[in-house]
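Report on one structure; see the data block that follows.
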Amino acid sequence: MSVPVFLADDLSADEIVLSGPEGRHAATVRRLRAGERADLTDGRGAVAECVVRDTAKDRLRLDVIGRRRVPEPRPRLVVVQGLPKGDRGELAVEMMTEAGVDVIVPWAAARCVTQWKGDRAAKALARWRSTAREAGKQARRFHLPEVTEQAGTEEVARLLGRAALAAVLHEDADRPLSGLEPPVTGDIVLVVGPEGGITGDEIDRFRAVGAHPALLGPTVLRTSTAGVAAAAVLLARCGRW
């Protein structure tokens, strides 16, 4: 059974008290007991390997038995995700986090049915970030993915222009995603359109900054599942899988 992972800001002490939501989850949901192992991470690569000393209703006291630092993965994989309908955005974030995507960029594409505006935008972004955090712990990730602020098309174009490899999933592309040559370092930036697809103006803008239209496969995937499928292809191609 895998050692559970919890988040903690300060890993410097030899004895760490895990309290708050993480402590309650460890003590009441995971039901960790004295003598059991747990790993704590700051989500930025630092890991404290611990043994539970004692527990209470909403906290754990742990002894640190080892420390290590996990290097940041290279190349980084950034997925620009067109906003899906309903709760399928959280599904996309969960699966991409589990797969190993490093940065997730919510994209307000022209054909997005869902619109993030005002309070709704703040709440939706908070849900995406919470989903990434929880999925990262479940997947034993010691570098949690970043979920950025919502981006418009021009911001996405600038991101693509700075990438070591830029690709846009498109059903009319004549080049398979698996045929792109991944870089050794830098950022791979992949764009996944919304349910309504990417407009001609958007694809032209992305081409102008060097992005490659790429075909994921012979079947049509939902926007919420296309990202994780494409991530699997790219992570395998660059040797991270």
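Observations
- Among the residues of region 20-43, just one is polar (S, T, N, Q) and farther than 27 Å from residue 102 by Cα, namely 28.
- Any hit, region 44-58, residues being open to solvent by 80 Å² or more (accessible area, probe 1.4 Å) and either under 26 Å from residue 103 (Cβ atoms) or modelled with pLDDT of 95 or more (or both): yes
Every residue, every condition in (1) farther than 13 Å from residue 79 by Cα; (2) charged (D, E, K, R); (3) crowded, with 18+ Cβ neighbours inside 10 Å, yes or no:
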{"position": "161", "(1), (2), (3)": "yes, no, no"}
{"position": "165", "(1), (2), (3)": "no, no, yes"}
{"position": "174", "(1), (2), (3)": "yes, yes, no"}
{"position": "192", "(1), (2), (3)": "no, no, yes"}
{"position": "196", "(1), (2), (3)": "yes, no, no"}
{"position": "202", "(1), (2), (3)": "yes, yes, yes"}
{"position": "215", "(1), (2), (3)": "yes, no, no"}
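- When the test is whether a residue is at pLDDT 95 or above and under 15 Å from residue 104 (Cβ atoms), residue 209 does not pass it.
- With respect to the conditions (1) in a loop (DSSP other than H, G, I, E, B); (2) surrounded by fewer than 15 Cβ atoms within 10 Å (Cβ to Cβ); (3) among the small types (Gly, Ala, Ser), residue 178 lacks only one, and its number is (1).
- Taken as a whole, the structure leaves residue 7 outside the set of residues that are buried (at least 21 other Cβ atoms within 10 Å of the Cβ) and in contact (Cβ under 8 Å) with a residue 40 or more places away in the chain.
- Complete set of residues in region 101-149 that are in contact (Cβ under 8 Å) with a residue 60 or more places away in the chain, open to solvent by 40 Å² or more (accessible area, probe 1.4 Å) and not in a helix (DSSP H, G or I): 110, 111, 113, 140, 144
- For region 71-92, filtered to residues that are part of a loop (DSSP other than H, G, I, E, B) and within 26 Å of residue 238 (Cα to Cα), the residue that is least open to solvent (accessible area, probe 1.4 Å) is 75.
- Selection within region 217-236: residues that are closer than 15 Å to residue 175 by Cα and modelled with pLDDT of 95 or more. The member of this set that is surrounded by the fewest Cβ atoms within 10 Å (Cβ to Cβ) is 233.
The values are calculated or read from the model by the stated rules, or taken from the named source; none is laboratory data. It should be emphasised that the depicted structure is a prediction, and the values quoted were computed from it without experimental measurement. Cβ sites come from the backbone with ideal geometry, for glycine too, and all protein chains shown count toward neighbours. Accessible surface is based on the protein model in full, side chains and every heavy atom, while ligands, DNA and RNA are left aside. Shrake-Rupley method; radii C 1.70, N 1.55, O 1.52, S 1.80 Å.
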